[in-house]
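**Student:** So that we are looking at the same thing, I have put the structure below in C-alpha cells.
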Amino acid sequence: MNSKPKDWVFTDPRLQDLKQDYAAYTEEDFKVWKILFERQMPNLPTAACEAYLKGVETVKFNADEIANFEKLNKILADTTGWQVQVVPGLIDDDLFFGLLNNKRFPSSTWLRKMEQLDYLEEPDMFHDAFAHMPLLTDPHYTGFLEDISGIALKHIKDPYAINLLSRIYWFTIEFGLIREKGELRIYGAGILSSKGETKFSLSDEPIHLPYDVRTILNQPYWKDKFQDRYFIIESLEQLYGSLPEIEEVLEEMLAEKEIRS
C-alpha cells in the first residue's frame with residue numbers, strides 16, 4: 001500500500017517553481033499552435049465525442065492563443081475542481097499518478113518545432129492541452145482519472161501492476177473510442193491530437209472491440225505507430241463505472257502471478 005498522504009505531491013521538490021511562462025512563447029510557438037489547431041480542429045466536429053466538443057467551448061481554446069494555464073485553471077476550478085500542473089516533461093509514475101489522484105493534470109509547456117509537426121517521441125504541450133484538457137471539464141472523465149490513479153498508487157512499487165494499469169490508461173484515456181448515437185467517436189487524447197490517427201481509428205482498417213477490462217489488461221500496446229485495435233465504450237459513465245472491475249481483475253492477475261512465481 002502507498003503510505004504517503006494523498007496530498008504529498010504539493011510539496012514534491014520535483015515540482016518546485018514550475019510555471020507556464022506565457023511571455024516566453026515565441027512567434028514560432030504561436031505559429032506551430034495555430035497550424036496544428038487549424039489542421040486538426042475542422043476534423044473533430046464529426047469525429048470527437050460530445051464531451052470533448054463541449055469542453056473545447058468551455059475552455060475557450062482557439063487557433064490564435066496558445067493555451068493559457070492561468071485562464072484555464074480558473075475555468076476548471078468552476079467546473080470539475082481540477083487544475084493543470086506544469087511538469088518538466090515525462091515524469092516518474094509516482095508523481096504522475098500522485099498528481100492525477102489530487103486532481104492535478106500534469107502538462108509540459110514546450111511546443112514542438114516546425115520540423116516536428118507530424119511526429120514526436122515525447123508528448124508536447126499541444127497534445128497535453130489541446131487533446132486532454134477540454135475533457136477535464138467532464139466529471140466522469142476526471143473521476144476515472146482520479147480513481148484509477150488511486151489504484152495505481154496502491155501498487156506503485158510493483159512494476160508488473162503498473163504495466164497492467166498502463167494498458168487501461170493507454171486504451172482509454174489515450175486511445176479510446178466511444179459510441180454516440182450509433183456512431184464511433186473519439187475521446188482518446190492520442191488520437192484527438194493526431195490528424196492521421198483520427199481518420200485511421202474511425203476507418204474500417206483497425207480492429208474495433210467492445211470495452212472489456214480483462215481483455216485490455218492482457219493486451220500490450222505500441223507507441224511508435226498507429227494502434228491495430230481500439231476499444232469502444234458506450235459512455236464515459238461506463239468507463240467510470242468500470243473502476244471496481246479494474247481493481248478486481250488486477251488483483252486476480254497479481255495473485256496468479258504470485259502463484260506462478
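Read-outs throughout are calculated quantities, based only on the coordinates presented, and are distinct from any laboratory measurement. Just so it is clear, the structure is predicted and the values come from calculations on it, not from any experiment. So basically every Cβ, Gly included, is an ideal-geometry build from the backbone, and we count neighbours across all protein chains shown.
**Student:** Can you return the aspartates and glutamates within cross-link range of LYS34? Criterion is Cα-Cα under 12 Å, with same-chain partners fewer than 8 residues away left out.
**Tutor:** Leaving aside aspartates and glutamates fewer than 8 places away in the same chain, those within reach of LYS34 are ASP64, GLU65.
**Student:** Excluding same-chain residues fewer than 8 positions from LYS71, which lysines have a Cα within less than 18 Å of its Cα?
**Tutor:** Answer for LYS71, where 18 Å is the Cα cut-off: LYS19, LYS54, LYS60, LYS103, listed by chain and number.
**Student:** Would you please give the FRET efficiency between TYR221 and ASP7, computed as 1/(1 + (r/R0)^6) with r the Cβ-Cβ distance and R0 = 35 Å, to the nearest 0.05?
**Tutor:** My answer for the efficiency is 0.65.
**Student:** So, one more: Compute the distance in nm between two label points, each set 7 Å from the Cα along the Cα-to-Cβ direction, one at GLU237 and one at GLU70.
**Tutor:** 4.0 nm
**Student:** Report the local net charge at TRP33: Lys and Arg +1, Asp and Glu -1, summed over other residues whose C-beta lies under 13 Å from its C-beta.
**Tutor:** -3
**Student:** What's the exposure ranking of SER194, SER201, going from fewest to most Cβ atoms within 10 Å?
**Tutor:** Ascending Cβ contact count within 10 Å gives the list SER194, SER201.
**Student:** In addition: What FRET efficiency do you get for ALA77 and GLU180 if R0 is 25 Å and r is their Cβ-Cβ distance, rounded to the nearest 0.05?
**Tutor:** 0.35
**Student:** Sum -39500 (n - 2.57) across every DSSP H segment of at least 4 residues in the chain, then divide by the residue count to get the 222 nm mean residue ellipticity, nearest 500.
**Tutor:** Helices in the chain give a 222 nm mean residue ellipticity of -12500 deg cm²/dmol.
**Student:** Could I ask something else about it? Using a Gaussian network model of the chain with C-alpha springs under 10 Å, which one of GLU27, GLU197, GLU70 is most mobile by mean-square fluctuation?
**Tutor:** Ranking GLU27, GLU197, GLU70 by mean-square fluctuation puts GLU27 first.
**Student:** With springs only between Cα atoms under 10 Å apart, run a GNM on the chain and tell me which of PRO159, PRO106, PRO134 wobbles the most.
**Tutor:** Between PRO159, PRO106, PRO134, it is PRO159 that shows the largest mean-square fluctuation.
**Student:** If you don't mind, there's one more thing I want to ask. List the trypsin sites (Lys or Arg not before Pro) within the stretch 169-222 that fall in a DSSP loop (any state other than H, G, I, E or B) and whose Cβ has at most 14 other Cβ atoms within 10 Å.
**Tutor:** Passing sites in the stretch 169-222 are LYS181.
**Student:** Continuing with the same structure: Show which lysines lie in cross-link reach of LYS257 when reach means a straight Cα distance below 21 angstrom and same-chain residues fewer than eight apart are skipped.
**Tutor:** Of all the lysines, those that pass the test against LYS257 - Cα under 21 Å, at least 8 places apart if same chain - are LYS154, LYS157.
**Student:** With a cut-off of at most 13 other beta carbons within 10 Å, and DSSP calling the residue loop, which trypsin sites (Lys or Arg not before Pro) in the stretch 12-82 qualify? Please list them.
**Tutor:** Within the stretch 12-82, the qualifying trypsin sites (Lys or Arg not before Pro) (loop, at most 13 other Cβ atoms within 10 Å) are LYS19, LYS60.
**Student:** Roughly what would the spin-label model give for LYS157 and GLU252, points 7 Å off Cα along C-beta, in nm?
**Tutor:** Computed distance between label sites LYS157 and GLU252 equals 2.7 nm.
**Student:** Which cross-chain or sequence-distant (5 or more) residues have an amide H under 5 Å from the amide H of PHE105, H modelled 1.01 Å from N in plane?
**Tutor:** Hits under the 5 Å cutoff: GLN83, VAL84, GLN85.
**Student:** May I pose another question? Nearest 5 is fine: what % of DSSP beta bridges in the chain come out antiparallel, could you say?
**Tutor:** Given both bridge residues lie in the chain, the antiparallel proportion sits at roughly 30 percent.
**Student:** Mind checking which of GLY98, GLY241, GLY150 has the largest fluctuation in a GNM of the chain, springs on alpha carbons under 10 Å?
**Tutor:** Checking each option, the largest mean-square fluctuation is seen for GLY241.
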